[in-house]
Each structure stands twice: as C-alpha cells, then as structure tokens.
Amino acid sequence: MKCTFAVAALAAAATLIAAAPGADAAKVIRIGHIRDTNHPTHAAALKFQEVVQAESKGAYEVKVYPNSQLGGPKEMFVQMQTGDLEMVYGGINTFAWIKGGEAYEITAIPFLFRDYAHMKASLEADFFKPIAAAAEKATGIKIVAINGDTAPRGLSTRDRAVNSAADFKGLKIRTAASPTVLRAMQTLGALPQQVPFAELYMALKTGVVDAQENGASVVFSSSLFEVQKYYMKTDYIRDIETFYMAMDAWNKLSETDRAMIAKAANVAGDHETRKLDEMMKDVYGKLGQKMTVVTPDLASIRQALSGAFDDFEGQKWPKGLIAKIAAVK
C-alpha cells in the first residue's frame, strides 16, 4: 500500500513539474503589424524574430502577428498601453494618432522630407530627442528604432503632367482627409476632393477628379493606370516603419537585453529598406510600361509651400521644428 501511495505521489509531482513553467522557459515577445505576409514589413518582422531568438540563444521567443490580426495602429498602441501586447512595427506617422504623440504629425507634412535618408536623419537628430522623450513619457510607449523605408506617396493624373508648383492650380485631386495634406493642396491652388477609395477608379474615369495621390504600388495593383496617363514621383509624404515597445515591458529588460532588442530592430529595419527598394524598382518598371513617369521640379513646390504650416508651429509641434528639419543635410 505504501508503495502504491509513493508511486502516485511521484506521478502527481511529475505532472506538476511538467505543467509549471521552468526557470529557463523562453520569454515571449508578441509583435504586430498591419501589412500582409508578402510585404517587406513582414519580412523585417521575421528578421527581427530570427535575430532576437538567435542572439538570446532561445531565451526569448518572438511571435509575429501580421495583416492587422491584432487591429489597426491605434488599437495596437492601446494594447501596448494596457500591457496586452509587447511590440508593434508600424509607421512613425501613426504615432501622432494617439494622445501624447501629436508632435509626430510633422512627419506627415507634404514635401518636407527630401528622401528616406533625410527623414531618418531628422528624426534621429539631437533636436528631436526631447520630443521623442516627451512622447514616450506621455504615451507609455518606447520608440526602440526608427528604421525601415516605406513606399512614398506620389501623384497620378488623368490627362496632364504636373511638372512644377504652377501645375497644381485648379487640379481636382482626391486626397486623404489630413489637415496637413489639405493645407498643402489648397496652398498650391489645387481643389482637394474626398472620394472613397472604392469609387476612385470611376471618379477618375468620368472626370469627377483629375488626380489622386497614392503611391506607385497602389496605382499599379488597383489598375488606376487604365484611367490615368501620368505618374509623378513627388514622394510627397514619406513614412518610416518604427519598432515600438510597451514601456512597462521595456523597463523590465536588462541593459543587455535592451541592446539586443535595439540591435535586432535595426538589423530588421535595414532588411526592410533593402526589400522595399527591390519592390519599388519592380513596381516602377512595370508602371513605366503603362504610364508616363515624371519627376517634377520639387524645389518649386517646396518654395510655394514655404510658410504654409507656420500656424501649426508651437501648437502641434515645437516652434521652429520645420526649419530645423529643412536644414538637416
């Protein structure tokens, strides 16, 4: 009888030990993004997963949730704030969508950033560090790494090319309902229109609008080239994919693990940039067979927009920030 009880006790203890997490169980980092699994963003998230798991020798397990499985940017930001999600990989533009991150609306100013390198250098400059620190404190979200190019938005038109600022005058253009975009288009003399994307093809075909401002990949994938003749490489709104982490989760990391996470984020961001460059070369090559691709005089457009956002200075972002960004080489 004693032997029977002993065997039963040992079996029960073994079950409890197997069910309990071991001291060396991998810590889980969940990371969400909004892109599909064929997009460079997902390739970057998988690269982050690979590097973290290799560098930590299995101490961390990274689970990637693509294609808005966890919701859109705002929903995922909230999940980080409530402790229900560790990380997000998404645009720096979207940080302006939540309370405390409003200063980042400056990243969506049309024609402000000359290229990806200029935007990245500006956001990593010393003058931006207090802005980042204030946003992190207000939101409870850590900006781990601003790294990973995204497809910029351009301009495509039905029947006339836009070569300079003067060509915007009277242009009926379908735009996003963004205060900065609307301000820019109105300043240039264009007539911004709000048209649901599902109706855009027919609106272009029938002349309800003359132009629209999505990127080249959207123009190609949505066959808008069938109802448009010109694509202008204005790259007028840029974004950078950014690795965000819940501040509570970040604060629990050791300095060594923080460095490891940051390293993995930058390796992954560089991977995204290379993948996106390959994708865009392919897209422009295909689009060039369907439309006339034009590179406008962007200097004239920036000159025409000079001062257009002065009243936002000191309200949405610190006064003088536009000039500091423009001066970055």
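The values are calculated or read from the model by the stated rules, or taken from the named source; none is laboratory data. Everything numeric here is computed off the predicted structure, so don't read it as measured data. Reconstructed Cβ throughout: ideal geometry from the backbone, glycine too, with neighbour counts over all protein chains shown.
Here are a few things to note about the model shown:
- For segment 147-161, a residue qualifies if it is crowded, with 21+ Cβ neighbours inside 10 Å and closer than 19 Å to Phe113 by Cα, and the qualifying residues are Asn147, Gly148, Asp149, Thr150, Arg153, Gly154, Leu155.
- Sole residue being closer than 26 Å to Gly100 by Cα and surrounded by fewer than 17 Cβ atoms within 10 Å (Cβ to Cβ), chosen from Lys137, Lys142: Lys137
- Residue in segment 94-111 that is farther than 28 Å from Leu46 by Cβ, part of a loop (DSSP other than H, G, I, E, B) and within 16 Å of the chain's Cα centre (by Cα) present: yes
- Selection status of Glu241, farther than 28 Å from Lys63 by Cα and either of a type in the set (Asp, Glu) or outside the structural domain of Leu182 (by TED's automatic domain parsing) (or both): no
- Any hit, segment 136-157, residues being more than 18 Å from the chain's Cα centre (by Cα), farther than 30 Å from Glu61 by Cβ and not aliphatic (A, V, I, L, M): yes
- Selection status of Val227, over 30 Å from Ile143 (Cβ atoms), touching a strand residue (DSSP E or B) at 6+ places or on another chain (Cβ under 6 Å) and aliphatic (A, V, I, L, M): no
Results for (1) within 27 Å of Lys324 (Cβ to Cβ); (2) in the same structural domain as Pro296 (by TED's automatic domain parsing); (3) at pLDDT 95 or above, shown as yes or no for each residue.
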| position | (1), (2), (3) |
| --- | --- |
| Ala117 | yes, no, yes |
| Glu124 | yes, no, yes |
| Lys142 | yes, no, yes |
| Arg158 | no, yes, yes |
| Lys169 | no, yes, yes |
| Lys172 | no, yes, yes |
| Ala177 | no, yes, no |
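- Residues considered: Ser222, Ser217. Of these, the only one that is surrounded by fewer than 18 Cβ atoms within 10 Å (Cβ to Cβ) and within 21 Å of Gln289 (Cα to Cα) is Ser222.
- Selected residue (only one of Arg258, Arg302 is under 25 Å from the mean Cα position of the chain (by Cα), surrounded by 14 or more Cβ atoms within 10 Å (Cβ to Cβ) and free of Cβ contacts under 8 Å to residues at least 24 places away in the same chain): Arg258
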